[in-house]
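Take a look at the structure set out below.
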Amino acid sequence: MEAITGWWDDFFWGSLVVVELFFVALFLTILFGLIGAGSKLSGNKTAKAIANGYTIIFRGTPEILVLLLFYFGSAITMTAIAQIFDPTIKFVDIPPFWAGSLAIALIIGSYATETFRGAFLGVDPGQIEASRALGVSNLQTFIYVRIPAMWRLALPPFGNHMLSLIKDTALVAIIGLEETLFVAEQAIGTTGKPFTMYILVGAIYLGFSTIITLSVMRLEKYANKHLEVTR
Amino acid sequence: MSFDIALIIDSIPKMLMGIGLTFQLLFLSLALGTALGVMLLILRISGRWYLSWPTMIYIYIFRGTPILVQIFIIYYGLPQLEFVRDGIFWPILREPFGCAIVALTLNTGAYLSEIFRGGVLGVDRGLKEAGSALGLSVTDRFIYITAPIAIRLCLPAYSNDVVSLMKSTALASTITLLDMMGIARTIVAETYAPYEVFISVMVIYLIITWAIQRTFGWIEKRMSRHVRQ
């Protein structure tokens, strides 16, 4: 255990990177999920086909492959673009943080697309008809009727997506982001204690998973509080 | 930047050399993981707290941490401990392949036991009661009444888990194994052509996913053929 002593602050900053990555990717996940679900439910054939292709590709390929493709692919593209303006440039890449959060968000977003789609379909059509009868505009119906009704349905599966999301952040260490797993590798280089360090990383992630699970449980309670029997 | 078709044609056969390893990882850890999942399920629903609590903790830990961290703990971490190096499992844990199998099995076993539990809980109570009314023992009831129905109920979730297990096998490339992903990474490191190589291997993975889904779709249809006319 004494091997960890000098590394607490590094692990703390590493954990903070995980948290940042989680929230950025979570925001993008919700965005991609809503866009995907919207396209799948729209009457537009092209939008539907693109959304279907999106979910098939990102749910069917390994996460690490998507991540590496994004990181190295974007580096190649960016370098090529930069060389148009300045041929002396050798190499440009997008920061691992952004490549990582974008790749993870696209992966989890493809799962969220299906969840949101199902949740939107689960909203009672009578409510939407009612708001239409009241002369509420489409946008307002979406914001005030559809979203509040669907997020209750989407919450339990979306909680699972958030757990996958936090666990996928560990992969970003492979492209060199200084998060906990990366810190552990550095610490192992100095202390030669791989078991201790990786167990600590596991414990940190277990803590994050627990926080997410408990938060989702509270949110579910909050979302369904109108269904509770009043005493 | 250009898209090198010759490189794709050149690298696909190389990557397909790794498909054997990918399938070995998938089928071996799926078989072992299913066995582990059933064992954990039986402990979990045994109704004895000293059996079900440790199982719940096990499931909680393995589902709450990234599979990559689990692989690293087993491959890089365990050799730090002396009793592991002297233990009987050292011949397995010394090899990256053995470590990958152990990690994938332990991980997927935790997920599968929860899926199986969902199936068992979904079996109609009345059927179990009918079984005990007919004088069947607990074991017989589980084997002849609960299990066949539970298997049918959890098949869709099981097929999803097979797909995620298949995706997890790609992580074996992080501990020096040359599965399809490992070979793809080697080629990219040599040629620095991520688009061509990674997109080709992506297509191969998509075909495998599709095949898994089709197979399970067929099994599901067959197993529930008494429902539809």
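For region B:158-163, in order, what is each residue's ³J(HN,Hα) by Karplus, 6.51 cos²θ - 1.76 cosθ + 1.60 with θ = phi - 60°, in whole Hz (x at glycine and Pro)?
Karplus-based 3J(HN,Hα) across region B:158-163 equals 4, 5, 4, 5, 4, 5 Hz.
Taking each residue of A:63-75 in turn, how many C-beta atoms of other protein chains fall within 10 Å of its C-beta, and what is the average?
Mean partner shielding for this stretch: 5.
Residue by residue through B:136-145, how many Cβ atoms from other chains fall within 10 Å of the Cβ on average?
Rounded to a whole number, the mean comes out at 0.
List the residues whose amide H sits under 5 Å from the amide H of B:Ile45, counting only those 5 or more places along or on another chain, with H placed 1.01 Å from N in the peptide plane.
none
Take the Cα radius of gyration of region A:106-231 and divide it by 2.2 N^0.38 Å, with N its residue count; two decimals is plenty.
Ratio of Rg to 2.2 N^0.38 Å for region A:106-231: 1.51.
Please identify every one of the GluC sites (Glu not before Pro) in region A:139-231 that sits in a loop by DSSP and has no more than 13 other beta carbons within 10 Å of its own beta carbon.
Those satisfying the criteria are A:Glu228.
About its Cα centre, how strong a charge dipole does the protein assembly as shown have in debye, to the nearest 20, once Lys and Arg get +1 and Asp and Glu get -1 at the Cβ?
So the magnitude is around 2000 debye.
Counting only helical runs of four or more DSSP H residues, what would the 222 nm mean residue ellipticity of chain B come to if each run contributes -39,500 (n - 2.57) and the total is spread over all its residues?
Value at 222 nm, helices only: -24500 deg cm²/dmol.
By average Cβ neighbour count within 10 Å, what is the ranking of A:164-172, B:91-99, A:95-103 from highest down?
Per-residue mean Cβ counts within 10 Å order the peptides as A:164-172, A:95-103, B:91-99.
If you count, for every residue in B:211-224, the Cβ atoms of partner chains within 10 Å of its Cβ, what is the mean?
On the way: counts 0, 1, 2, 0, 0, 0, 0, 0, 0, 0, 0, 0, 0, 0.
Mean partner-chain Cβ count within 10 Å for B:211-224: 0.
Taking the Cα centre of region B:20-177 as origin, sum charge times position over the Cβ atoms of Lys and Arg (+1) and Asp and Glu (-1), and report the length of that vector in debye to the nearest 20.
Numbers: 11 positive and 8 negative charges, 51 e Å.
Computed about the Cα centre, the dipole is about 240 debye.
Mind checking the per residue accessible area of the protein assembly as shown for me, 1.4 Å probe, whole number of Å²?
Numbers: 23800 Å² over 460 residues.
Per residue, the protein assembly as shown has 52 Å² of solvent-accessible surface.
Place +1 on the Cβ of every Lys and Arg and -1 on the Cβ of every Asp and Glu in chain A, take the dipole about the Cα centre, and give the residue among A:Val201, A:Ser215, A:Val123 whose Cα lies farthest towards its positive end.
After comparing all options, I get A:Val123.
My understanding is that a pair violates if its Cα-Cα distance is over 29 Å; which of A:Lys90/A:Lys167; A:Lys167/B:Lys221; B:Lys128/B:Lys221; A:Lys40/A:Lys167; A:Lys48/A:Lys90 do that in this structure?
Over 29 Å Cα-Cα: A:Lys90/A:Lys167; A:Lys167/B:Lys221; A:Lys48/A:Lys90.
Where a Cα-Cα gap under 24 Å defines reach, which lysines qualify for B:Lys14, not counting those fewer than 8 residues away within the same chain?
Cα-Cα hits under 24 Å: B:Lys167.
State the answer as a single residue: which of B:Ala130, A:Asn52, B:Ile145 lies farthest towards the positive end of the charge dipole of the protein assembly as shown, with beta carbon charges of +1 for Lys and Arg and -1 for Asp and Glu, about the Cα centre.
Positive-end residue among those listed: B:Ala130.
The values are calculated or read from the model by the stated rules, or taken from the named source; none is laboratory data. Every value quoted in this text rests on a predicted model; they were computed, and no experiment measured them. All Cβ positions, even for glycine, are placed from backbone atoms using ideal geometry, and neighbour counts span all protein chains on display. Calculation scope for accessible area: heavy atoms of the full protein, side chains included, ligands and nucleic acids excluded. Shrake-Rupley method; radii C 1.70, N 1.55, O 1.52, S 1.80 Å.
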